[in-house]
Amino acid sequence: MKKETERRSRRLVLVPCPLQGHINPMLQLGTILESRGFSITIAHTSYNSPNPETHPEFSFLLIPDGLSDRDISSGDLISLVLNINHNCKESLNQLIQQEDPHRKEIACIISDELMYFAEAVAANLKLPSIVLRTTSAATALAWSAVLELKAQGLIPFQDSRSHDLVPKLHPLRFKDLPISIFADFETAAKLAVYSYRNRTSSAVIWNTMDCLEQSRLLQVQQEHKVPIFPIAPMHTIAPHTSGSLLKEDRSCMEWLDKQSHNSVIYVSLGSIAFLSEKEVEEMAWGLDNSEQPFLWVVRPGSISGSDWIELLPQGFRNGVGERGCIVKWAPQKEVLAHEAVGGFWSHCGWNSTLESICEGVPMICRPCFGDQRVNARYVSHEWRIGIELEKLEREEIERAVRKLILGNEGKEMRERAKDLKEKVTVYTREGGSSYNFLNELVNLIMSF
Ligand code: UDP
């Protein structure tokens, strides 16, 4: 009882990066730590601010982000993140001084790996800080390699090298390196250096786990001079946390109820990726020609030049009829858990990858940029639970969908995915490694 009261009086300030794939794990971490007795404050920007009503157990602190409409509409996410870091430092500094003038209540600041300004604020206020990494350990290693390759003049690489393995980075090839499409190399590298190097935090929390990335975690532990706590998958440790910025369309659950077991291919490219009209046309005909039922998330604005699905090819929707369901945003974790879903065509964002693994759903991997390429390679070549889609062409899409849902190869991938799911489940149970690391993290925070 004394311990519980002691923890309640300890406040943790959590600073998420305002992008969907980063907000989700930070809110999940908040839920996990709140259930361990800590009081949680989410310090957030106005841009993509989380909805306080979905988390009455947290306090929310708005940091004026100083972003202009132009910053937001530019679509250049790397510059957006750099601007947030630049604009928010002083505001957070002042806000914390007002909230807790003698720093008696706040035990530490936990910030997203991309929100390095919060770490600087903590150092300035003499508060301990911890970083939350929301991508895989392999991605961190790949970024270190990218910076080294650049220094050696090997990046940008020649097309002829794209299928070569990167030295010391097995199984990644040059084309799997997490290079950004949003900014020039120098700008992206600047963000990478701030996020992966020169950190002052006392520890790193990582949304990954031993059973997925054991050797990679050992490697990153050697590079980081502070303790690492791999506590994943956070969405299963805190299953009811909601962080959706878009409204989920639940009508697709009723549609799934009408489909047969393992028959549906679920298609979603996450919250940032976008497609050209030509790519969407190939996707549409590929899905149609596969003759399998599909649930397709088309996020508003994700098809260049249109608001939603106006650019889908003529005749496609009528042709597929009830066999296809298209929504703007889905309750993805529930969709993946539905018995009708037999495969996930994904861009391989790290959250989507973990969510698919946790439901034992094999994947079609079509990464678009950044860490998605690393994750896709691991899904298809390390865990062998997914098919890599090389070209976005209708014949290849049709083949991949049929192979995954109907073929023997797909069946074997499904079996491996189910085995991986079992392993992951054991790791999060009492006595499992994620469970133990969480206890150690709580002890560390209590020692501050
Ligand atoms: N997501 C969702 N509904 C959708 C599509 C995605 O709730 O229709 C969620 C998904 O469950 C995941 C997050 O959005 O938690 C996307 O994160 P991810 O790291 O996979 O990709 P990103 O959006 O960062 O590219």
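From the list V320, V280, which residue is more than 13 Å from the ligand (Cβ to nearest atom), part of a helix (DSSP H, G or I), out of contact with any strand residue (DSSP E or B) (no Cβ under 7 Å at 6 or more places or on another chain) and free of Cβ contacts under 8 Å to residues at least 60 places away in the same chain?
Details: V280 fails: out of contact with any strand residue (DSSP E or B) (no Cβ under 7 Å at 6 or more places or on another chain).
Unique residue meeting the criteria: V320.
Scan segment 333-351 and give yes if some residue there is surrounded by 23 or more Cβ atoms within 10 Å (Cβ to Cβ), of a type outside the set (F, W, Y) and free of Cβ contacts under 8 Å to residues at least 40 places away in the same chain, otherwise no. So far as segment 333-351 goes, yes, one or more of its residues are surrounded by 23 or more Cβ atoms within 10 Å (Cβ to Cβ), of a type outside the set (F, W, Y) and free of Cβ contacts under 8 Å to residues at least 40 places away in the same chain.
Here A188 does not qualify as surrounded by 14 or more Cβ atoms within 10 Å (Cβ to Cβ), among the small types (G, A, S) and closer than 27 Å to K423 by Cβ.
What about R173, is it more than 21 Å from the chain's Cα centre (by Cα) and either within 22 Å of N351 (Cβ to Cβ) or not aromatic (F, W, Y) (or both)? Here the answer is yes, as R173 does meet what is asked. Scanning segment 27-42 for residues that are closer than 21 Å to N443 by Cβ and either near the ligand (Cβ under 9 Å from one of its atoms) or hydrophobic (A, V, I, L, M, F, W, C) (or both) turns up L29, I32, L33, F38, I40. If you go through segment 271-291 and keep only what is crowded, with 22+ Cβ neighbours inside 10 Å and among the charged types (D, E, K, R), you end up with nothing. In segment 299-315, the condition of being part of a helix (DSSP H, G or I), away from the ligand (no atom under 16 Å from the Cβ), under 26 Å from K403 (Cβ atoms) and free of Cβ contacts under 8 Å to residues at least 40 places away in the same chain is met by no residue. In the set (1) surrounded by 14 or more Cβ atoms within 10 Å (Cβ to Cβ); (2) over 28 Å from S304 (Cβ atoms), S49 fails one condition alone, (2). Scanning segment 323-342 for residues that are part of a helix (DSSP H, G or I) and more than 14 Å from the ligand (Cβ to nearest atom) gives a single hit, R323.
Computed from the coordinates by the stated procedures, all read-outs in this text should not be read as laboratory data. Predicted, not measured: the structure shown is a model, and the values here were computed from it. When we count neighbours, we look across all protein chains shown, and the Cβ atoms used for this are built from the backbone with ideal geometry, even at glycine.
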